[in-house]
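The values are calculated or read from the model by the stated rules, or taken from the named source; none is laboratory data. The shown structure was predicted, so the numbers you read here are calculated from the model rather than taken from an experiment. Using ideal geometry, Cβ is built from the backbone for each residue, glycine included, and neighbour counts are taken over all protein chains shown.
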């Protein structure tokens, strides 16, 4: 009986049912899309902000120049406690050298580094590390170096030497000379424009510093510094220290890296680190507030459209009452209707919302999004809840109505 | 009007949803507009996006603590010419002036930098100063340099320059993780006197607020106003900031679109439901000799009235919401944008009319006799 009533009630007034269904679907879709993105957005934004460059600098611990770090320690960076937060790192070996191209001679800095090197670490996933990963703002004309005797010249160095892409130059240091083919010229607006960047191995050979590096730039995902993070770790109690170490503050990640690099000192680059923290915090709270706003709005939109559709049916309720239906039966019929519509709306809405989240994530961040599993039951349950909330008020009013008055019109 | 008054409950419901939809449009719109500005401001914390150096000098600025202090023939910028160029350019610019030099401490050279501390505090909020910011006759010293020279806050040191000897008290140490860690900072005018370089600067860092015109154009304009200088874009900061801003704006736009479309269709649906149920009324009007046009006008008039009221309420409510969001997040008030009244009115009217017109056409097809009989 109940099923027959419900079936007829759907089939006889498809338009009204469709409208309610549509609005529930939309509501569930917005809820799903927002909840799906909100969680991911902070992570995506954090990754996005990493393109500002390295936020940790590892140097030899000795204050005076002359100390070196060991290249052999580098793979250990991918094995530290915070290894998943470290998005990239690049080693450098610098020294002053004589450059000559044709008749022109200049003193400048030669830097040995990794451009994009496949790093194999035992028991860990292999990854690609180097400048291309941590400094996406480099504007390179020409190509990135592939062979060991190819190099990238800084724009102003290249201008002063009068070399262009494809030409060769000689680098001499400590009585040794190495020829490099310039395969690219880099413009950054910074100190990089004065240097020659060549593969690390070749520069180590040239400078007779095999296996040594002078600096490492590390790019790490961190959480914003708060009051606790700013405390001096040396003055912390054991528990506090534990908590500090297990929070991804830029200082604790730096400490982490420092521990694996022998004879090193890691310091946060505050220009990058502090701005990043502040920005992330703000973006997160905007997303949170917008999510709340959107959820509230879609909930009201859905429940009002339910209210409107219920209200028009008071004659029907009156009729049922007059032919002897008790309250319970009427409530079952109407709530049952609402539940069926909201179940269908919730499922369709979830699917649509999932696609929306995917679309937004793809067009903004160029990456896919893995929507969490708990979203599916949440979408359906919230559709139920909203549908019920929208039906209760008009239903109660309808139940109080005198059948005679309503039926008379 | 009567029609609206008669069905007060229904009218209120419709008004509420229309107001909700248009306030959502207003709030999201205002937030995304001011988001752009606020994030641009936040991004400023990453530092200067242009640098101005003398044409002949080598550029050895940067972040990441990679500085080699390449000693080349010193070249200087004229402070007065810089001021003039900045004033003429008409670009909204914040700047900080720098003069690099070496002073003698006992027998060793110490790299010092003359700055204006008020500018530094504004442009480089990431400086972590331990101790106090310096007053006249005081200096702050980079962390690493302090360790190297075994100096601490409160010490006084005597520095000899080409023209004059300075006695400076160290008021604090600074840590940035960059090249600043190895420098001593003092007031630029004091350093100019000590070095005998009155009115000369070695570097000006500029912070151009991303406006209508691109950073590159601003750089070119400044360059043409002061040909002896070289104006460069700090790509690390400038490009990344531009990219980030574009992403944030796109995100806000998409989010706004999604919410508006869904809430809008829901609202239009509600409108339709209420019109659909009034088939009887339309039938009656027709039976009494009302033409299609007249009926349509009555209904549209009703919808338009609702739309206008809803739009106005929505604008007010939406502005408040936007204000609340920007205040809590950016602790700054969002500007009141008057032309958003039209956006909010537009949204509300559009939804109201869309919601009533669609079903109305189908209702018109009904035979008045049938609809009155309730079939």
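Please go through segment A:257-296 and give me each residue that is facing chain B (nearest Cβ under 7 Å), surrounded by fewer than 20 Cβ atoms within 10 Å (Cβ to Cβ) and within 19 Å of residue A:36 (Cβ to Cβ), ordered by number.
A:285, A:289
For residues in segment B:111-124 being within 14 Å of chain A (Cβ to nearest Cβ) and crowded, with 20+ Cβ neighbours inside 10 Å, which is nearest to residue B:168 (Cα to Cα)?
B:120
Could you check residue A:269 against (1) under 17 Å from residue A:25 (Cβ atoms); (2) touching a strand residue (DSSP E or B) at 6+ places or on another chain (Cβ under 7 Å) and say which number it fails?
Residue A:269 satisfies all of (1) under 17 Å from residue A:25 (Cβ atoms); (2) touching a strand residue (DSSP E or B) at 6+ places or on another chain (Cβ under 7 Å) except (1).
Looking at segment A:247-255, is at least one residue at pLDDT 85 or above, crowded, with 20+ Cβ neighbours inside 10 Å and under 30 Å from residue A:182 (Cβ atoms)?
No, there is no match, as no residue in segment A:247-255 is at pLDDT 85 or above, crowded, with 20+ Cβ neighbours inside 10 Å and under 30 Å from residue A:182 (Cβ atoms).
Which strands (runs of 3 or more DSSP E) sit wholly inside segment B:68-152 and have at least 2 residues that are within 23 Å of residue B:223 (Cβ to Cβ) and touching a strand residue (DSSP E or B) at 6+ places or on another chain (Cβ under 8 Å)? First the steps, then the outcome.
Numbers: elements: B:93-105, B:108-115, B:128-131, B:138-142.
It comes to B:93-105.
Whether any residue in segment B:1-16 is more than 10 Å from chain A (Cβ to nearest Cβ), in contact with a helix residue (DSSP H, G or I) (Cβ under 9 Å, 6 or more places away or on another chain), at pLDDT 70 or above and under 30 Å from residue A:291 (Cα atoms) is what I want to check.
Yes: one or more hits.
Applying the selection to segment A:17-39, what residues are closer than 13 Å to residue A:359 by Cβ and more than 9 Å from chain B (Cβ to nearest Cβ)?
A:32, A:36
Anything in segment A:46-61 that is out of contact with any helix residue (DSSP H, G or I) (no Cβ under 7 Å at 6 or more places or on another chain), more than 10 Å from chain B (Cβ to nearest Cβ) and outside any strand (DSSP E or B)? List them, or say none.
Applying the first criterion (out of contact with any helix residue (DSSP H, G or I) (no Cβ under 7 Å at 6 or more places or on another chain)) to segment A:46-61 yields A:47, A:50, A:57, A:59-61.
Applying the additional criterion that residues be more than 10 Å from chain B (Cβ to nearest Cβ) yields A:47, A:60-61.
If the condition is that a residue be out of contact with any helix residue (DSSP H, G or I) (no Cβ under 7 Å at 6 or more places or on another chain), more than 10 Å from chain B (Cβ to nearest Cβ) and outside any strand (DSSP E or B), then A:47, A:61 are the ones that fit.
Give segment B:25-67 a look and list any residue that's part of a loop (DSSP other than H, G, I, E, B), modelled with pLDDT under 70 and either surrounded by 21 or more Cβ atoms within 10 Å (Cβ to Cβ) or within 7 Å of chain A (Cβ to nearest Cβ) (or both), or say none. If you could, list the steps in order and put the result at the bottom.
Going through segment B:25-67, the residues part of a loop (DSSP other than H, G, I, E, B) turn out to be B:47-49, B:55-67.
Narrowing further to those that are modelled with pLDDT under 70: B:56-67.
Scanning segment B:25-67 gives B:58, B:59, B:60, B:61, B:62, B:63, B:64, B:65, B:66, B:67.
Restricting attention to segment A:106-140, report how many residues are part of a helix (DSSP H, G or I) and in contact (Cβ under 8 Å) with a residue 40 or more places away in the chain. Please lay out each step first, then the result.
Narrowing segment A:106-140 to residues part of a helix (DSSP H, G or I): A:131-134.
Checking the rest, the ones that are also in contact (Cβ under 8 Å) with a residue 40 or more places away in the chain come to A:131, A:133-134.
Qualifying residue count, segment A:106-140: 3.
Residue-by-condition table, conditions (1) within 13 Å of another protein chain (Cβ to nearest Cβ); (2) modelled with pLDDT of 80 or more; (3) buried (at least 19 other Cβ atoms within 10 Å of the Cβ):
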residue	(1), (2), (3)
B:307	no, yes, yes
B:330	yes, no, yes
B:368	no, no, no
B:371	no, no, yes
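Can you find, within segment A:141-156, the residue that is nearest to residue A:48 (Cα to Cα) among those that are within 14 Å of another protein chain (Cβ to nearest Cβ) and outside any strand (DSSP E or B)?
Among those that are within 14 Å of another protein chain (Cβ to nearest Cβ) and outside any strand (DSSP E or B), it is A:155.
Just checking, how many residues over segment A:67-105 are touching a strand residue (DSSP E or B) at 6+ places or on another chain (Cβ under 8 Å) and assigned to a loop (DSSP other than H, G, I, E, B)?
Count: 4.
Kindly provide the set of residues from segment A:182-208 that are within 9 Å of chain B (Cβ to nearest Cβ) and in a helix (DSSP H, G or I), ordered by number.
Correct list: A:191, A:192, A:193, A:194.
For residues that are assigned to a helix (DSSP H, G or I) and touching a strand residue (DSSP E or B) at 6+ places or on another chain (Cβ under 8 Å), scanning just segment A:218-255, find the one that is farthest from residue A:283 (Cα to Cα). Reasoning before the result, please.
Keep residues of segment A:218-255 that are assigned to a helix (DSSP H, G or I), which gives A:227-230, A:233-235, A:238-245, A:250-255.
Now drop any that are not touching a strand residue (DSSP E or B) at 6+ places or on another chain (Cβ under 8 Å), which leaves A:250-251, A:253-255.
Working: A:250: 19, A:251: 22, A:253: 22, A:254: 24, A:255: 27 Å.
If we take residues in segment A:218-255 being assigned to a helix (DSSP H, G or I) and touching a strand residue (DSSP E or B) at 6+ places or on another chain (Cβ under 8 Å), then A:255 is farthest from residue A:283 (Cα to Cα).
Which residue is nearest to the chain's Cα centre (by Cα), if the candidates are limited to segment A:350-384 and must be farther than 19 Å from residue A:23 by Cβ and at the interface with chain B (Cβ under 10 Å from one of its Cβ atoms)?
A:365
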